[in-house]
Each structure stands twice: as C-alpha cells, then as structure tokens.
Amino acid sequence: MAPQNLVKAPFSLFLALRYLKPKRTFVSIITLISILGVTVGIMVLIIVIAVMTGFDQELRRKVLGFEPHITVSNDSILRDWRTLKKNIEATPGVTAVAPFVQGPVIAEHNDRVVTPLIRGIDLEQEEKITDLKKLVKEGDGAFDLSGDSVVIGKDLADTLDVNVGDKITIYAPGNIRGILDEIKNADDETKKKTIADLKNDVVLPAELTVTGIFSSGRYIYDSNVMFLPLTVGQELYTLRDGVHGLSVETTEAYRAEEIKHAINNELAPPAFAKTWIDNNRDLFDAIRVERNVMFIILLFISIVASFCVMNTLITVTVMKTREIGIMKALGATTGQIVWVFLAQGMVVGIFGNLTGLALGMTLIRFRNEFRDWLAATLHIQIFPADIYQFSQIPAEIVPRDVATICVTAFAFCSLAALIPAWFAARLDPVKALRYE
C-alpha cells in the first residue's frame, strides 16, 4: 500500500501542473487571471484591515496621550473640588488627580477670529496625568503656562497666523453674558453704568502670550484646543475657585471602567465619572463596525476570485474530457482524478496567497509615499487630515488577521476546485472517450 500512496500524489500533482502550464507558453492566460483575482482579493483585504486596525489603535494611543483615563464632573461647576480630589486619590487604582476648566471661547489675532476650546490646567498637577511637554517639538517654544500665557495647537496657530511670542485675545462666555446684561439694562436710568463701573462687573477679554505650539498628530486636537493657566480659565468663566471637572490617572487605562465604578460609588449626585472610552465610544464603535463591514464586503472579492478558479477548471475539464476517459480506462481511481483538479485550485490559491501577501505588505510599508504620489501626480486626496484627524495613514498588521485572510482565500479556491473535480471524476470513461 505504501508504494501506491507514494505514486498517487506525484501523479495527480504532475497532471495538475501540466494542465496549468500549456506546451507553448510559460503559463496560460486563464491561470494567470485566476491567480490575479486571488492576488487582488488578498492584497485589498490585507491593506484595508491593516489600515482600519491601525486607525483604531492609533486613535486610542492619541486619545490616551492627550486625554485623562477618567474625568469627574457634574455638568456645571465643582465648588468643593479639593475635598473631592482627596477622596478620589484614596480610591484603589488611582495614581493622580488634577483640576481643569474647559469650554468654548472666541480667540482673535490680527482680525482673524476662531472659536476653539480652552483647557485651563495646573501644569504641575496635570503633568502627573499626561506628559504634555512632549507634544511641543523643538523650535515651537515650550509648554510654559506661567503668567498670562497660552499653548495652542499647530493647525490652530496656522489658522490664527500666530507664532511663539505673539499675543492673542480671548473672549469667554463671561465677557458676552456681562455685556448682554448691561445692554438689557441700558434703558433703565437707575442701572446705567460708566466704563469704570463695567470693569468691575464685566469680565474683560484676556490677552495672552503664545509660549508654545503643540502637535499631537490628531487634527481635532491640533486645530481646536488651547491650554492656559487654571486661574485664567477660572477668571474667563467667572468660576472663582470652582472648576469644571477633575482629570484622573489610573494604573491601567483598560481598567478605567472598573475604577470608574469605584469612584461613582463614592460620588454624590449630580457628580459622575466617565472613562476615556465613554467619551469616545461613538467613534470607537463606528470604527469597529466599519472594520467588520469592510471585511465582509471585501471578502466577496475573494469569492469572485474563487469563481474564476472554478471557471478555469470547468474549462480544463471540458478540454480534457478524452484524457480523463483514458485515465479512467487505464485504472485511475476517483480520488486520483479529484486530486488532479483539486491540486490545480490549491496551486492557484498558494500562488495567489504569496503574491497578494507580498503586494499587500509592500503597499502597507509605502502607504504614505503612495498617498503623496497620488496627491502630487494625479491630484487625488486620500485620507485627508481634516476628516480622518491623522497627518499620516495609520496601519497595524495583526498576524492573526493576515492568517485568517490567507487561509479563507485558500479555502475558497480549494472549494471552488472541488466542484469541477468531482464532476470530472464521475465521468463515464466510455462516453468520455467518444467526446468530440
């Protein structure tokens, strides 16, 4: 039995390769198209899944490099925040807590007006939460919040046309609310006030000096956020000693949900805690759903490629009907005939996997260069930063995903070959020999 088994595999494989390679050419056009279909399917799947995975992971890294693990607020003002801060610091798993003031403002410089978010922080306490100083690159000043200073995002600085050392004027809700109140009272002679009186009741605009320009790599931060001293933020929002919330750092970012529940158990309503995942849940869920949907949709490319393999083998079966009849007449078993055609599908699947994997990895490696070439040569913008929030196309290759794609494509090719192989093996040798 052993010698027969040794002969069976080479016999089927020899005929499979012989059918894939005609006498007069190195490889048949039909075979080449089949391999190309599998190659394209695997290449596109690898690229898309790697980019979607990289987008998700890079977003998480950017968020964790800029936002705290947990934020505590009550949708208004925290007055007794110092006592609350001490209680949170005593929670197991919490490593640091820092106060912040955050909200929209109007910023003006040289008649250019934007509406960014300010984040007023105590830099000494905030550094225990996030290493913000690393966001300022060499030549862009320093992350210095001493005095009346401000550190703004790179894209926001370009919009306002400011450089380090320039001054910008910030108008906060406290300014506008006070002015509107005085306008409403303007008709009442008893309530009219002079400019000197208004200085005491209306929050005057803050003129701050730009000491640094940060670059986080995420467009939504770099184009919309400015940091300033906590005391300046409190003045702009007329909070006195209050703050809008507390930033909390934990021992492990992915344990934040567990620690959040422990903090909420100690908080008195309306105060509540939210994790960095809660704050960005819609975005993370959208990426996960899009990734799964893209995988399913693009998987149909591999299915289409498997139909190419099936059509190729059906063509070969019709062309080789007489040869199949001769083999069966000479004693070839059903299993040997099946393996002749099944091996063809497997060979196409193997070569398609190898070329698709190579091309996919190459394009992932040079994805940003390819994007720049498209923009410069064909004026096609892919992955614009203002939409996707990243200056570079992120990508992360997960071996398990690549293995799943390659194995699935190979299985499709093998199954596609099995159908014509089975019909070829069931041919009646007498009818096959009579086939014209």
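The values are calculated or read from the model by the stated rules, or taken from the named source; none is laboratory data. Note that this is a predicted model, so its numbers are computed, not measured. Ideal geometry is used to build each Cβ from the backbone, glycine not excepted, and the neighbour counts take in all protein chains shown.
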**Message:** Considering only the range 75-94, I want to know if a residue exists there that is out of contact with any Asp or Glu (no Cβ under 9 Å at 6 or more places or on another chain) and closer than 30 Å to Ile397 by Cα.
**Reply:** no
**Request:** Considering each of Phe351, Phe383 in turn, give the residue that is closer than 25 Å to Leu298 by Cβ and not in a helix (DSSP H, G or I).
**Result:** Phe383
**Fill in**
Within the range 156-183, residues part of a loop (DSSP other than H, G, I, E, B) and at pLDDT 90 or above come out as Asp161, Val162, Asn163, Val164, Gly165, Asp166
**Message:** With assigned to a helix (DSSP H, G or I) and touching a Ser or Thr at 6+ places or on another chain (Cβ under 8 Å) as the only criterion, which of Asp372, Asp401 stands out?
**Reply:** Asp401
**Request:** Considering only residues that are free of Cβ contacts under 8 Å to residues at least 60 places away in the same chain and of a type in the set (Asp, Glu), look in the range 132-173 and name the one that is surrounded by the most Cβ atoms within 10 Å (Cβ to Cβ).
**Result:** Asp166
**Message:** Would you confirm, using the coordinates I've provided, whether Thr39 is part of a helix (DSSP H, G or I) and modelled with pLDDT under 80?
**Reply:** no
**Prompt:** Among Ala416, Ala395, Ala332, which is assigned by TED's automatic domain parsing to the domain that holds Val316, farther than 25 Å from Ser216 by Cβ, surrounded by 14 or more Cβ atoms within 10 Å (Cβ to Cβ) and touching a helix residue (DSSP H, G or I) at 6+ places or on another chain (Cβ under 6 Å)?
**Reply:** Ala416
**When residues of the range 200-258 are limited to those that are of a type in the set (Ser, Thr, Tyr) and at pLDDT below 85, the one farthest from Asp80 (Cα to Cα)** = Tyr219
**Asked** Trp276 versus (1) surrounded by fewer than 17 Cβ atoms within 10 Å (Cβ to Cβ); (2) more than 24 Å from Ser34 (Cα to Cα): which is the lone unmet condition?
**Response** (1)
**Prompt:** Any idea how many residues of the range 224-265 are under 18 Å from Lys167 (Cα atoms) and either crowded, with 20+ Cβ neighbours inside 10 Å or among the hydrophobic types (A, V, I, L, M, F, W, C) (or both)?
**Reply:** 8
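Let's see how each residue does on (1) under 21 Å from Ile106 (Cβ atoms); (2) part of a strand (DSSP E or B):
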position	(1), (2)
Ser216	no, no
Tyr221	yes, no
Met226	yes, yes
Val232	yes, no
Arg240	no, no
Glu249	no, yes
Ala256	no, no
His261	no, no
Ala268	no, no
